[in-house]
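The values are calculated or read from the model by the stated rules, or taken from the named source; none is laboratory data. The model shown is predicted, which means the values in this text are computed figures rather than measured ones. Methodologically, a virtual Cβ is constructed for each residue, glycine included, from the backbone with ideal geometry; neighbour enumeration extends over all protein chains shown.
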Amino acid sequence: MNSSLALVLALVPLLLLRAGAAMAEVVLASGATSRRSWLRDGLLAAAASASAQVATGDPRWLREAHRLATLAVELFADDEGGGFFQTPRDAEQLVARKKELDDHPTPSGNAMIAYVLLRLARIWGDDELERRGVSVLRIVRDALPRAPSAFGWLLVALHQHLAPHRELAIAGPPDAPVARTAVAAAAETDVIAFGPADDVPLLLGRTEVDGKAAVYVCERFACALPVTDPAAL
């Protein structure tokens with residue numbers, strides 16, 4: 001495969017993702033699709049954006065994930081009962097605003113937002129985002145043991161919540177050997193942020209070392225000394 005074709009193939013998913021994120025904003029803001037999909041579609045775009053920043057090393061995707069997630073909180077959160085409604089607060093008035101919790105056969109909106117918020121909370125050091133994500137788990141805590149197969153993605157969110165808090169702040173390009181090694185060795189519940197980007201709390205002050213890509217292994221924002229040698233990870 002020549003380099004030009006490889007570049008095109010690499011850009012296509014990112015262009016589709018950007019279009020999807022833009023559509024998700026329309027969905028979140030105006031309800032342009034079916035009510036059942038409003039919350040879930042927006043959070044799928046947020047999760048995809050967070051994954052894109054790991055693949056590309058571009059923190060703008062992380063900012064996009066955070067923006068979509070906080071917009072979803074603003075529009076869908078149930079401030080009194082916890083969790084998230086299927087329809088936004090500024091939509092047409094319904095007799096009752098329902099909450100989608102069943103993960104079968106696809107992830108529910110509540111499961112997706114719980115998972116995304118719990119991960120973003122660790123990157124932003126944001127207790128409020130974590131509280132919002134945990135509020136979903138509290139709603140289903142009695143139902144989970146009785147029917148675990150109905151809550152597949154909520155179980156993933158629960159695992160994310162209970163797992164050790166471990167963050168990887170990486171300053172430098174994703175193709176740097178130390179970055180590739182760190183990402184490959186990361187647990188599924190580890191959160192990863194690429195910088196430099198001082199507007200992202202986990203990345204604040206995390207820079208390359210002597211012009212080399214550096215990995216900062218952190219636990220609840222307490223970080224070890226930066227590592228530039230893959231063998232030292």
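Ala179: within 18 Å of the chain's Cα centre (by Cα) and of a type outside the set (S, T, N, Q), yes or no?
On the way: within 18 Å of the chain's Cα centre (by Cα): no; of a type outside the set (S, T, N, Q): yes.
It is false that Ala179 is within 18 Å of the chain's Cα centre (by Cα) and of a type outside the set (S, T, N, Q).
If Arg40 passes every condition in (1) in a loop (DSSP other than H, G, I, E, B); (2) out of contact with any Lys or Arg (no Cβ under 9 Å at 6 or more places or on another chain) but one, which one does it miss?
Here Arg40 meets the rest and fails (1).
Which helices (runs of 4 or more DSSP H) does region 90-160 wholly contain that include 1 or more residues that are buried (at least 17 other Cβ atoms within 10 Å of the Cβ) and assigned by TED's automatic domain parsing to the domain that holds Arg40?
Numbers: elements: 109-124, 127-139, 143-146.
The helices (runs of 4 or more DSSP H) meeting that bar are 109-124, 127-139.
Identify, from the list Leu202, Leu225, Leu144, the residue that is out of contact with any Gly (no Cβ under 9 Å at 6 or more places or on another chain) and either at pLDDT 95 or above or of a type in the set (S, T, N, Q) (or both). Steps first, answer last, please.
Details: Leu202 fails: out of contact with any Gly (no Cβ under 9 Å at 6 or more places or on another chain); Leu144 fails: either at pLDDT 95 or above or of a type in the set (S, T, N, Q) (or both).
Criteria check complete, one pass: Leu225.
Can we say Pro174 is surrounded by fewer than 16 Cβ atoms within 10 Å (Cβ to Cβ), not basic (Lys, Arg) and not in a helix (DSSP H, G or I)? Show your work before the answer.
Numbers: surrounded by fewer than 16 Cβ atoms within 10 Å (Cβ to Cβ): no; not basic (Lys, Arg): yes; not in a helix (DSSP H, G or I): yes.
No; evaluated as a whole, the condition is false for this residue.
Could you list, in sequence order, the residues of region 73-89 that are hydrophobic (A, V, I, L, M, F, W, C) and part of a loop (DSSP other than H, G, I, E, B)?
Keep residues of region 73-89 that are hydrophobic (A, V, I, L, M, F, W, C), which gives 73, 75-77, 84-85.
Once the filter is applied, which keeps residues that are hydrophobic (A, V, I, L, M, F, W, C) and part of a loop (DSSP other than H, G, I, E, B), region 73-89 yields only Phe85.
Any idea how many residues of region 181-194 are over 10 Å from Val54 (Cα atoms) and either out of contact with any Pro (no Cβ under 6 Å at 6 or more places or on another chain) or assigned to a loop (DSSP other than H, G, I, E, B) (or both)?
So the answer is 8.
What's the number of the condition Val200 fails, among (1) more than 28 Å from Ala114 (Cα to Cα); (2) of a type in the set (A, V, I, L, M, F, W, C); (3) buried (at least 18 other Cβ atoms within 10 Å of the Cβ)?
(1)
Select from region 210-223 the residues that are touching a residue at least 24 places away in the same chain (Cβ under 8 Å) and among the aliphatic types (A, V, I, L, M) and write down the one among them that is nearest to Pro173 (Cα to Cα). Outline the logic, then answer.
Step one: list which residues in region 210-223 are touching a residue at least 24 places away in the same chain (Cβ under 8 Å), which gives 212-221, 223.
Narrowing further to those that are among the aliphatic types (A, V, I, L, M): 213-215, 217.
Numbers: Ala213: 7, Ala214: 10, Val215: 11, Val217: 16 Å.
Out of the qualifying residues, it is Ala213.
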